[in-house]
Every structure is written in C-alpha cells, then in structure tokens.
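Quick notes on the structure that follows.
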Amino acid sequence: MTEANHAERTRPQRAEDQRDILDIVGLTVALPGRTGTGTTVLHGVDLRLKPGGIHGLAGESGSGKTMTGLAVMGLLPPGARARGRVLLDGEDLLSLSAHELGAVRGRVVSMVFQDPSTCLHPMLTIGHQLTDHLRHHLKIGRKEARGRAADLLGRVRIPSPAEALSRYPHEFSGGMRQRVAIAAALACEPKVVIADEPTTGLDVTIQAGVLRLLRGLCDELGLAILLVTHDLGVMSAIADEVSVLKHGRVVESGPRARVLTAPRHGYTRSLLEALPGRTAT
Amino acid sequence: MTFVLTNLVPGDPATANLGEQASSDPAAVAEYRRQHGLDQPLPIQYARYLEDLARGDLGQSQQSHQPVLTDLRAAVPATMELAALAILLSLLVGVASGVVSALHRNRLGDHVLRVLSLLFVSMPTFWLALVAFYVFFDQLGWAAGSGRLDPGVTAPANVTGLYTVDAVLAGQWFTFWNAVSHLILPALVLTAHTVGLLTRFTRSAVLEVLSQDYVRSARAKGLPERTVLVHYVLRGALVPVITVAGLAFGALLSGTVLVESIFAWPGLGGYAFRSATTFDLPAVMGVGLVIGTIYLFVNLAVDVLYGVIDPRARVQ
C-alpha cells in the first residue's frame with residue numbers, strides 16, 4: 001500500500017497541469033455470495049485518468065480489472081454493492097440514480113468490451129447499433145445520425161463506411177467488428193473510454209492496428225482511456241501510466257516506463273517475467 | 001404415407017360400416033368390398049388411390065356418403081378459425097407472460113406465472129374441455145353452447161368459410177357476434193396448453209438473451225431500459241419463440257380432435273375422430289393429407305420467418 005501511495009504522488013510528465021477526468025477513490029465492490037455475506041472483489045482501489053492519457057490496468061484473471069470497469073459504468077452484476085467514489089469530471093457516478101447514470105453512460109463514459117463477436121447484436125445492422133444511442137443522447141434525426149456513424153466508421157478505417165452501415169456483424173471479421181465496437185463507443189464523443197481487453201482474441205497484426213487506432217484517438221480527440229488488459233506487451237505499447245491489480249488491490253502504480261522497467265512490487269516483476277520472450281521497454 | 005398407415009390399422013371397414021346384421025352375411029360383405037375396391041391387392045388399391053388423388057378425388061366418405069373433398073371443404077375453415085384464434089391468443093398471452101416472468105426472475109410474479117404455466121401445460125385438453133363446457137355453459141351459462149352458431153342462426157354466405165370473416169363481409173353483425181361467442185370457449189381450451197408452453201419457452205429464451213454480452217453493450221451505450229428490452233432482448237429471443245410457436249401449432253391441431261368432438265365443432269378434428277372410429281378410410285386419409293399439408297406450410301412459414309428475423313439464416 002505504501003508503494004501505491006508513493007506511486008500516486010509520482011505525477012506523470014504528460015499533461016502535468018491538467019485536472020483528472022476520472023478519479024477513482026477507495027473503490028470497494030462486494031458481490032453477493034451464496035452465504036449472504038458476499039465476497040469483496042475490490043478493496044479500496046485508487047485510479048486516476050488524465051484527458052488524452054491512457055492508463056493501463058494490469059493483473060491476472062480474477063484480479064478485479066473488469067469489475068473496476070463495470071463499476072465505473074454502473075454495470076455491476078445485480079446485487080453487487082460499490083463504495084468509495086468514482087468522480088467523472090468532478091461528478092460522483094456512484095451517487096447517481098439509474099436515470100441520471102443512463103444519461104452519462106455511452107455519452108460521457110463508454111466501454112469497449114472484450115469479445116467483439118458477442119458484444120454486437122447479431123440480428124441488428126451495424127448502422128442500427130451505431131446510431132441508436134447517438135439519436136437517444138444527442139436527440140438528432142436518423143439521417144444525421146447515419147451521416148455521423150459513417151464518419152465514425154471511416155475514422156476507424158472500415159472500408160466503404162456508408163455501405164457498411166446496412167450490413168450485419170457476421171459479415172465482418174473479428175478485427176473489423178472490434179473497430180465497429182470502438183466506433184460505437186466513440187459515437188457520442190465521450191471523455192472517457194474503458195477498453196476491456198480490446199485486443200484479446202485478435203491476431204497480432206490486427207492487434208497493433210487497433211492499438212494504434214486507440215492511441216491516435218487519444219491524441220486527436222483528447223480522449224482518456226482506461227485500458228484493461230492482462231497483456232503487459234499491449235500495455236507497454238501504448239499506456240502512459242500503469243496500475244497493477246492483485247486480488248482487488250492496486251499493488252503498484254506509476255508512469256509506464258517506471259513500472260515496467262523498474263517494478264517495485266514482486267507481483268509486477270512476476271507478471272513481467274511471465275511474458276514469453278519479451279523484455280520490458 | 002397416410003395410405004400405408006390407414007391400411008395397417010387392424011380392423012375391417014366392411015364390418016364397421018355395414019351394421020351388425022349385414023356383416024354376418026358373407027354375400028353382403030363381399031359385395032361391399034367389391035364396390036369399394038377392397039377385394040383388390042393393396043398395390044392396386046394404392047395405384048387407384050394415387051390416380052384419384054391426382055384428379056383431386058379423395059374418394060367418398062362412407063359415413064356422410066359425400067365426396068371426402070366436400071366434407072373437408074366444410075371442415076377445414078371451421079378448424080382454421082378455431083386454431084388461428086387459439087394460436088393468436090397463445091402468442092399474445094404466452095409471450096407477454098414469458099417476458100414478464102423472465103424480467104421478474106425468482107420474484108413472486110415469476111413464481112406465480114411458472115406454476116400457472118406448468119398447470120396449463122400438464123392439464124389434459126379433453127378433461128379441460130369437459131370441465132370448461134360443464135362450468136361455463138351448463139352451470140354458469142356464460143358461454144354459448146356447442147357448434148359454430150346458435151340453432152336458428154343461419155351461416156353467412158360462404159366466401160372464406162370462416163364464419164366470423166364471412167359475417168363481417170356480409171355486414172351481418174349479429175351473426176358475427178354469435179360466431180365469436182361460440183368460438184371463445186373452445187379456443188380458450190385449446191389455448192391453455194400452448195400458452196403454458198410458450199410462457200415457459202419465452203421465459204428461458206429471454207433469460208438466455210439477457211445474459212448475452214450484446215445486452216450489456218446496449219446498456220453500456222446508455223440506452224433506456226425499454227429500448228434495450230424491445231430492440232435487443234426481444235429481437236434475440238424471437239427465433240426460439242417462433243420455433244416453439246410452430247411446434248405449438250402442431251400440438252394445437254392434435255388438440256382439436258378431442259376439443260371439437262366435445263364442443264360438437266364441425267371441423268377437421270371432429271371429422272377425424274368420427275371417421276377414425278368408424279373405419280372410414282378415405283376420410284381418414286383425406287384428413288391425414290390436409291393435416292400434413294398444414295404442417296408443411298407452418299414449417300415453411302417458420303423457416304421464412306427465421307430468414308426475416310436472423311440475417312445469418314438468410315440464403316445468400
């Protein structure tokens with residue numbers, strides 16, 4: 001814990017003077033258990049995200065990475081309880097009503113999920129899934145929404161975007177679907193995107209393309225990304241800051257270069273050593 | 001197929017149709033068999049049957065002494081009117097209660113609906129028909145009696161054979177309401193089983209879809225819960241529901257055999273029942289053919305709907 005506190009004080013060089021767009025303070029999440037007492041999956045997690053920055057959240061399966069993302073989105077499983085504060089641009093998301101949260105979700109903060117083959121509805125066109133929240137949040141007409149959706153598809157480099165709108169997810173490859181999912185997350189120009197394992201299951205060359213795309217969007221739009229991944233290789237490629245989660249606790253946090261080259265915590269070292277044939281950059 | 005099955009049934013149409021005295025007279029039996037071609041070997045009977053079938057002749061019913069085709073023309077619309085209303089009611093009520101049940105999973109409403117649907121699925125239709133007839137007609141007098149119309153009410157001019165539709169076409173509102181009042185009770189009895197079936201399948205289909213990633217993604221986009229439910233959840237649950245609805249329609253048709261007999265409904269089911277119990281083979285074969293054709297069309301309709309609902313099922 002002392003290491004984590006120390007790391008927090010170590011401000012990254014990037015965007016020094018900017019205010020945090022997302023500030024997670026002491027986030028504790030308990031899932032309902034069979035016995036009724038419940039299991040605590042996150043213990044006082046602290047995370048900060050700057051506009052235009054990518055904060056990587058690393059850790060092995062079950063360490064609570066995805067739960068952190070879901071807690072920010074207010075999408076925890078039924079019965080789960082979250083304590084602490086999740087400040088998005090100064091507003092505590094945990095204190096919002098379901099209705100108020102609906103107005104933030106997809107609009108100010110959105111999420112890209114792990115598996116692009118299951119997170120798009122197989123029976124609805126790409127156009128439908130790219131425009132329904134656009135129209136809902138921005139109160140714009142169908143035609144305008146489709147125009148914006150086509151622009152978005154172009155931005156994530158989907159060939160012939162206008163035609164792609166009337167096609168269905170199964171007509172696209174895995175990498176393309178992930179780009180569509182990213183486009184859907186970006187549609188309402190959110191300030192924060194939570195990307196949960198966005199490149200897992202894609203092959204390496206496509207991975208690199210998706211990562212470049214995310215980095216580019218941050219630089220171009222001032223978007224902040226919370227990048228959840230177990231892959232430190234991915235992390236080292238694009239993250240500005242890195243936090244390492246173990247059993248629901250942040251064990252190490254700081255600028256990427258520092259955490260990945262000179263890890264202070266044994267767990268981070270063991271994660272790095274687990275990388276096959278890779279040395280930390 | 002229907003030909004083989006009907007001829008495999010142990011039983012002699014001659015003895016069944018001639019009456020007790022005549023059937024003990026060998027000469028009369030032989031004459032009956034000769035008249036109906038039953039003295040010929042089966043392959044020849046079959047060839048004749050096919051030849052007649054190709055001409056649209058299904059033979060003559062030995063009970064009504066009318067061509068089977070004429071009997072069927074009268075019976076099919078009666079059954080279709082009943083079955084269409086029943087499947088419509090089943091879909092409306094069954095899908096709605098299945099969705100409600102899934103959304104209230106493991107809460108009171110869900111438990112009540114699950115017990116009710118189990119009850120409806122497991123109640124024997126003939127028993128329910130008898131009880132319903134006794135309670136709502138005999139005791140309470142709420143429902144109209146047997147048949148398609150009250151005695152003394154004349155059927156509307158035949159256009160579709162569906163009395164309700166024909167009455168509307170002819171502008172005879174009294175006849176229309178009379179036909180409706182006769183339809184309701186047998187249709188509700190037929191509905192019970194399929195409603196239970198559809199409730200249970202819709203519930204599990206919706207629960208399955210609710211756990212899908214694409215529903216979570218839809219929520220993550222901040223869509224209102226109603227939009228998520230209508231566009232994402234129900235759309236995804238539609239394919240299994242349509243499949244079950246197709247099967248339920250089949251179950252419903254077989255239910256008409258007993259329900260129509262009990263309600264004296266002059267439809268296909270009652271006709272099948274009468275002709276089967278009297279070994280009226282041409283009539284039985286005719287019914288088999290019609291039911292087979294209806295099944296075929298229902299399955300075709302289900303397949304076409306798959307393509308409409310699910311783009312992955314479309315033929316390129």
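Where a number appears in this text, it was derived from the coordinates with a stated rule and is not lab data. Given the structure is predicted, the values throughout are model-derived calculations rather than measurements. Here Cβ is always computed from backbone atoms with ideal geometry, including for glycine, and neighbour counts include all displayed protein chains.
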Hey, what angle do you get for helix B:108-122 against the long axis of chain B, alpha-carbon based, 0 to 90 degrees rounded to 10?
10 degrees
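If you add up the charges near residue B:27, with Lys and Arg at +1 and Asp and Glu at -1, over every other residue whose beta carbon is less than 14 angstrom from its beta carbon, what do you get? Walk me through the intermediate numbers first.
Numbers: positive: B:33, B:34; negative: B:25, B:31, B:39.
Net local charge, residue B:27 excluded: -1.
So what is the diffusion coefficient of chain A in µm² per second by Stokes-Einstein at 4 °C and 1.567 mPa s, using a Kirkwood Rh over Cα pairs? Spell out each step's value before the answer.
Values: Rh = 19.3 Å.
My calculation gives 67 µm²/s for D.
Using a cut-off of 15 Å between beta-carbons, work out the net charge of the residues near residue B:48 (Lys and Arg +1, Asp and Glu -1, residue B:48 not included).
Summing Lys/Arg as +1 and Asp/Glu as -1 gives -1.
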Could you work out how far helix A:126-138 tilts from the main Cα principal axis of chain A, as a 0 to 90 degree angle to the nearest 10?
80 degrees
Which of these, B:152, B:171, B:255, has the largest mean-square fluctuation under a Gaussian network model of chain B (Cα springs below 10 Å)?
B:152
Listed residues A:46, A:132, A:240, most fluctuating in chain A (Gaussian network, C-alpha, under 10 Å)
A:132
Which value results when the Cα radius of gyration for region A:115-189 is divided by 2.2 N^0.38 Å?
0.97
Rounded to the nearest 10 degrees, what's the angle between the helix A:174-186 long axis and the longest principal axis of chain A, both from Cα atoms, 0 to 90?
90 degrees
Give the dimensionless ratio obtained when the Cα radius of gyration of chain B is divided by 2.2 N^0.38 Å.
1.21
Only helices counted: for chain B, with every DSSP H run of 4 or more residues adding -39500 (n - 2.57) and the sum spread over all residues, [θ] at 222 nm is -23000 deg cm²/dmol
Counting only C-alpha contacts under 8 Å and six or more residues apart, can you give the relative contact order of chain A as a whole percent?
27 percent
Mean separation of Cα contacts under 8 Å (6+ apart) over length of chain B, as relative contact order %:
26 percent
Provide B:122, B:97 in ascending order of the number of other Cβ atoms located within 10 Å of each residue's Cβ, fewest first.
B:122, B:97
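All other residues with a Cβ under 12 Å from the Cβ of residue A:110 taken together, and with Lys, Arg as +1 and Asp, Glu as -1, what is their net charge?
Working: positive: A:105, A:107, A:191, B:219, B:221; negative: A:189, A:196.
Spelling it out: positives minus negatives among the neighbours equals +3.
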For chain B, whose charge dipole is built from +1 on Lys and Arg Cβ atoms and -1 on Asp and Glu Cβ atoms, the candidate among B:130, B:168, B:242 with its Cα farthest towards the positive end is B:242
Could you identify which residue out of B:129, B:74, B:245 has the top mean-square fluctuation in a GNM of chain B using Cα springs shorter than 10 Å?
B:74
Estimated translational D of the protein assembly as shown in µm²/s (Stokes, Kirkwood radius over Cα pairs; 37 °C; 0.692 mPa s):
112 µm²/s
